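Right, one structure below, let's go through it.
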Amino acid sequence: MSMATTTVQPVERENYLNKEYGVGSWLLTTDHKRIALLYLISITFFFFIGGFFALLIRLELLTPASDLVQPDTYNKLFTMHGQVMVFFFLIPSIPAVLGNFLVPLMIGAKDLAFPRVNLLSWYLYIIGGVMMLHCMLTGGVDTGWTFYTPFSTAFSNTKVIEAGLAIFVAGFSSILTGLNFVVTIHRMRAPGMTWSRLPLFIWAHYATSIIQILGTPVIAITLVLVVAERALHLGIFDPKLGGDPLLFQHLFWFYSHPAVYIMILPSMGVVTEIIACFARKRIFGYSFIALSSIAIAVFGFLVWAHHMFVAGISVYAALVFSLLSYAVAVPSAVKVFNWTATLYKGSIHYDAPMLYAFGFIGLFTMGGLTGLFLAALGIDVHVTDTYFVIAHFHYIMVGGALMGYLGGMHFWWPKISGKLYPEGWARLAALIVFIGFNLTFFPQFVLGYLGMPRRYADYSHMPEFQVLNVLSTAGATVLGVGYLLPMLYFLWSMRYGKPAPDNPWNAAGLEWMTSSPPTTFNFEKEPIVTWEAYNYDELDRAHKEEVKVAG
Amino acid sequence: MFNNFPLWPDRASTAAGNVDALFIFLLIVSGMMSLLIFVALTYFAARYRHRRGVLAEQIEGSIPLELTWSIIPLFVFMVIFAWGAVVYFKGRTPPRDSTEVYVVAKQWMWKLEHAEGQREINELHVPVGRDVKLIMTSQDVIHSFFVPAFRMKQDVLPGRYTVAWFRATKPGTYHLFCAEYCGTQHSGMIGSIVVQEPAQYEAWMSGGTSGPLSASGEKIFAELGCATCHRTDTQGRGPNLQGVFGKLVLLADGRSVTADENYIRESILDPGAKIVNGFKPVMPTFQGLVSEEQLNALVAYVKSLSQPIATPIKTAATGDQNNDKTEGSQVQ
Amino acid sequence: MPDSTVVGLHHEEQHHPELLHHFAEPQQQRDAASLGMWIFLATEVMFFGGLFCAYLIYRRLYFGDFGAASSSIKAGLGAANTAVLICSSLTVVLAIWGAQIGRRTLMIGSLVLTMLFGLTFLGIKGVEYKEKFDEHHVPGASFSFDHVPIPGHPDQYANPRHAQIFFSLYFIMTGLHALHMIIGLGIFAWLLFMAWKGRFTPEYYTPLDVGGLYWHFVDIVWIYLFPLLYLIDRHP
């Protein structure tokens, strides 16, 4: 039999993506990696919805008058932008996508402790998301994402109850994810994977999970009370009926402050992994970074009333919360110093993940420093409820958390998809995001100090604010482009990207010892760990010739 | 668009300078810290970029370094905290003889009434150099009284009074914003603080007034029959209100509370909450029977029954603020 | 290639039928289930905690009014419910013991008793709620609480608005608790079914353990609710 010359197609190895096909195999999966992808699709969807609202807000603010949309509509836009971005994008993002995918892999386990609970988590997220979508499509809600009483319970004419219930349901998704991670990290580590050998990504997710577990139920009960009050005309938060509106604020912020640490801690974990890999060395101060994550989680529960300095709390309460807020700033600063110190005598590569990590450090530092301004009682009186606060939290959540998320997506994309993304485009996107971000949000610090209040649809009495608003909107369009690019080239790479080797970055960590993409049960043989984390010296010495980094 | 492009807000109160000083200090500290990090990052990124054959040096860490960069920032933070606390404390402690203005916020306007009686909507006239204390409440939802030029902000709550104060230092007209989202026209709840030279202010003040707020309060006090029980002798079924404002009151359950604005207000709306020692709980509630403005007038009246009176003297000659307690003449 | 590639350190119970594939050995699975339930209970503590917090604050603010409102509830039914729940926790423990020593009748009988106690609890709760409805103590348009003296101050009446806050919290707290009871009954119905099918052996009764933990927690919440809602400022 003659063999015509044929190109030999490499046989695609079985992995978690091609093991089974069909919608059912995805919607009923218990594989943590598939669930991570289900989350990836859903949160990306909500990110674009929240981003769309942001775009409309910024377009409206190009001119002083409320001429693009009516004030009622504008009020719904910023409310739903906040709710969608906080509850349906940021809180799940890294834990539900990267955490779900990587936690078992990083500790040498075959799956999370409770795979079916993991799937339930996703379904709860989807149900909450569908409820939220329905709410938005049938009128929306205009209370601000903070839905202060008595406006939300007794005055707003919008779908507060529906939005509240949607977030209530989505909250359980968050709780169950946290529960799963804690049990997994405690009980499913491979032999030899001691606590001090864990990747700092795991420490970060452990700390995050503690907050999810202890904090989320409080917003859940707060939502129950608001819904009950609104539906049944109770008086728990309404002064006309003997209630106290400040009680609502305390209950709300008791969760919502730790919530911001849910949003940033995982991102810090990602950045730590990236820096270690692209500087080719063990993180400086491993135990300090690990413990600072726990410290942030604990202290984060003690500072909530710094959102209420002008709300009518006593001077003494304000003093206590201001003091504690400075305490919680120290562990964050410690991390920034340790990351910087890691670069010292490193061997640094500038691939896209590292660019995002650099961006993170710069922007998180600025955002965090502006937190010092806000914690200072005398200054907070002036800048609270203004654009200064908006700039502060966007620096941390977008400049920090989101950049960390993007960096992590790039770093682990070869592992997740088995394909390489186009490095040139990725570096360009990182640069565009960085520039666009600063242009959007830096002017808002100035606007805030000038006195432009938050949640203003119209500033025609203050035309002097226009220049800065125009700058900000210009930046937002650049930023939008920067976010679209990865979406496009990641999709492109799934079809046309180069196949990825098992460890394109020559990175440390058990996840890189599996195939790209991994098989359904991750490890052919349960790993037995005998080495410390970030063993880059071993990895690099094994390759006398530096392995060309992919891309 | 480019004509008016400020990058720093007006400074028009005594507090503004204090806040700005702390802010600038923080700008410097943050600037230095950012610079330090950025320079280090850039330098390391360049100096230690990957070179063929050169391996990274594995450095575990350094406890002395960790302690240094934990303790020094903590120390700096404590300094900032203390400074911020001092500024805040000053800002939340109205001076003794401040002029009082009662503010009622509602969706979506500001109603102001000077103790001397002038009523204003969305505007507040004040003289330069006078301590002004705002006693504020809301008719509906939470609002926030924000004057950027004074670096002053205080949430205005339904169901109770909150207090803020300022002393304007520069004549001019300054923005007043509502800074707590309150519904459709939240961004329309805008007003002005008009700071005038004392002489101008006197001229404005004399332009028609229905009498001081406390006088309206006295009328309401009579109309609602309060005087029936709150007599000025010891025979009344209710406590004598002469001189009660500002003093400690002993309650039936043993507690002592200060008779401030919120106490007076609560006593009218929910008299059963704090029964005065030695009296029976017979006072009916006036919840729903008095408006916020009437409550303000009643509070002003009760305050006026205390010596020295709460409001400073209005003298065209001196013009400037004064804390002259000796001239205890009645206003008007 | 079949995925029986667990290189665990213990071989004795390698292929226990109840061992899920991602666990190396039954002990690990047991520990994970137990830890998982304890953490879930921690979330429940925080959930109810918000309500207890609101309650404590208003009790402090409206001391007398809360006392009057609480005194107006018949403590007898609440006390009966407390006894019922404590007994049900006992039967839960007995059911687990039955599984541990392989006594199927004890296990199943105790499970049935537990559910009966649970249903009794809900029944008594229903009677209580009906009473509240009849007395117009349900918050809302028809709420009324006039001329109810404050305990210890016979000449002073409670403020109805503040009493309404008490009852709002009463219904939300006991209502949420009852909801947890109903869920608990659902869980125990399923446990009963599993027990009937013979799924539980002295080597494997983890669902009973974990379900029992949940039930005990619901019991403990009631132990806190009862005195706070029913017994404050009681005078003979």
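No lab work stands behind these numbers, since they all come straight from the coordinates. Just so it is clear, the structure is predicted and the values come from calculations on it, not from any experiment. Ideal geometry is used to build each Cβ from the backbone, glycine not excepted, and the neighbour counts take in all protein chains shown.
Per residue of C:154-161, count partner chain C-beta atoms within 10 Å of its C-beta, then hand back the mean as an integer. Walk me through the numbers before you get to the answer.
Numbers: counts 0, 4, 6, 2, 1, 7, 2, 9.
Average neighbour count from other chains, rounded to a whole number: 4.
Determine, for A:125, A:344, B:48, B:102, the number of other Cβ atoms within 10 Å of each Cβ, and report the residues in order from fewest to most.
A:344, B:48, B:102, A:125
Of B:279, B:245, B:301, which is farthest towards the positive pole of region B:213-304's charge dipole, taken about the Cα centre with +1 and -1 on the beta-carbons of Lys, Arg and Asp, Glu respectively?
So the residue we want is B:279.
In terms of the Cα gyration tensor, with a ≥ b ≥ c the square roots of its eigenvalues, is region B:213-304 rounded because a/c is under 1.5, prolate because a/b exceeds b/c, or oblate?
Rounded, because the longest to shortest axis ratio a/c is under 1.5.
Going toward the positive end of the dipole of region B:69-121, with +1 on Lys and Arg Cβ and -1 on Asp and Glu Cβ, which of B:101, B:72, B:114 do you reach last?
The listed residue farthest towards the positive side: B:72.
For the pairs A:345/A:415; B:274/C:132; A:240/B:280; A:159/B:106; B:133/B:280; B:247/C:132, flag any whose C-alpha to C-alpha distance is greater than 32 Å. Present the calculation step by step, with values, prior to reporting the outcome.
Numbers: A:345/A:415 28 Å; B:274/C:132 29 Å; A:240/B:280 25 Å; A:159/B:106 23 Å; B:133/B:280 34 Å; B:247/C:132 43 Å.
Pairs exceeding 32 Å: B:133/B:280; B:247/C:132.
How big is the equivalent ellipsoid of chain B along its three axes, where each semi-axis is √(5λ) from the Cα gyration tensor, reported in whole Å from largest to smallest?
Sorted largest first and rounded, they come to 50, 26, 19 Å.
What are the residues whose amide H is under 5 Å from the amide H of residue B:49, where those residues sit 5 or more places off or on another chain and H is modelled from the backbone?
Under 5 Å from the amide H of residue B:49: A:348.
When the Cα centres of region B:182-218 and region C:129-192 are compared, how far apart do they sit, in Å?
47
Under 5 Å between amide H atoms, partner at least 5 residues away or on a different chain: which partners does residue B:165 have, H built in plane at 1.01 Å?
Sorted by chain and number, the residues that satisfy this are B:134.
What list of ³J(HN,Hα) values in whole Hz, one per residue of region C:106-123 in order, does the Karplus curve 6.51 cos²θ - 1.76 cosθ + 1.60 (θ = phi - 60°) give from phi, with Gly and Pro shown as x?
4, 4, 5, x, 5, 4, 4, 4, 4, 5, 5, 4, x, 5, 4, 4, 5, x
As a footprinting exposure proxy, order A:543, C:137, B:125 by other Cβ within 10 Å, with the fewest listed first.
Numbers: A:543 9, C:137 22, B:125 18.
Result, fewest neighbours first: A:543, B:125, C:137.
Enumerate the calculated ³J(HN,Hα) couplings along region C:80-97 in order (Karplus 6.51 cos²θ - 1.76 cosθ + 1.60, θ = phi - 60°), each rounded to whole Hz, writing x wherever the residue is Gly or Pro.
Running phi through 6.51 cos²θ - 1.76 cosθ + 1.60 with θ = phi - 60° gives 4, 4, 4, 4, 4, 5, 5, 4, 5, 5, 4, 5, 4, 4, 5, 4, 5, 4 Hz.
Rounded, prolate or oblate: which fits region A:341-391 when a ≥ b ≥ c are the square roots of the eigenvalues of the alpha-carbon gyration tensor, with rounded for a/c under 1.5 and prolate only if a/b beats b/c?
Oblate.
Rounded to the nearest 10 degrees, what's the angle between the helix A:403-417 long axis and the longest principal axis of chain A, both from Cα atoms, 0 to 90?
Its long axis makes an angle of about 30 degrees.
Taking the Cα centre as origin and putting +1 on Lys and Arg beta-carbons and -1 on Asp and Glu beta-carbons, what dipole magnitude results for chain A, to the nearest 20 debye?
About 860 debye.
Determine the dipole magnitude for chain C: charges of +1 sit on the beta-carbon of Lys and Arg, -1 on that of Asp and Glu, nothing else is charged, the reference point is the Cα centre, and the result goes in debye to the nearest 20.
Dipole magnitude for chain C comes out near 460 debye.
How tilted is helix B:213-223 with respect to the longest principal axis of chain B? Cα atoms for both, answer in degrees (0 to 90, nearest 10).
Once rounded, one gets 50 degrees.
Rounded to the nearest 500, what is the 222 nm mean residue ellipticity of chain B from helices alone, with -39500 (n - 2.57) per DSSP H run of 4+ residues and division by all residues?
When only DSSP H runs of four or more count, the value is -10500 deg cm²/dmol.
Run the simple label-point estimate for residue B:291 and residue C:124 please: 7 Å along Cα→C-beta, distance reported in nm.
Label at residue B:291, label at residue C:124, 5.4 nm between them.
Per residue of A:263-272, count partner chain C-beta atoms within 10 Å of its C-beta, then hand back the mean as an integer.
0
With Cβ to Cβ distances under 9 Å as the rule, what net charge do the other residues near residue A:419 carry (K, R +1; D, E -1)?
Net charge in that neighbourhood comes out at +2.
May I ask you to evaluate 6.51 cos²θ - 1.76 cosθ + 1.60, the Karplus curve with θ = phi - 60°, for each residue of region A:253-262 and list the ³J(HN,Hα) values in order in whole Hz, giving x for glycine and proline?
These are the phi-based 3J(HN,Hα) values: 6, 4, 8, 5, 6, x, 4, 5, 6, 4 Hz.
Classify chain A as rounded, prolate or oblate from the Cα gyration tensor: take a ≥ b ≥ c as the square roots of its eigenvalues, call it rounded if a/c is under 1.5, otherwise prolate when a/b beats b/c and oblate if not.
prolate
Excluding residues on the same chain fewer than 8 positions from residue C:130, give the lysines whose Cα lies under 17 Å from its Cα.
By straight Cα distance, residue C:130 reaches C:74.
Could you order peptides A:197-209, B:25-37 by the average number of other Cβ atoms within 10 Å of their residues, highest first?
Final packing ranking: A:197-209, B:25-37.
Would you work out which of A:329, A:182, C:82 lies farthest towards the positive end of the dipole of the protein assembly as shown? Charges go on Cβ: Lys and Arg +1, Asp and Glu -1.
The listed residue farthest towards the positive side: A:182.
So if I place +1 on the C-beta of Lys and Arg and -1 on the C-beta of Asp and Glu, and nothing else carries charge, what would the dipole magnitude of the protein assembly as shown be about its Cα centre? I want it in debye, nearest 20.
Details: 72 positive and 78 negative charges, 253 e Å.
Computed about the Cα centre, the dipole is about 1220 debye.
What ranking of A:454, B:96 emerges when the number of other C-beta atoms within 10 Å of each C-beta is taken as an exposure proxy, fewest first?
By the 10 Å Cβ count, ascending: B:96, A:454.
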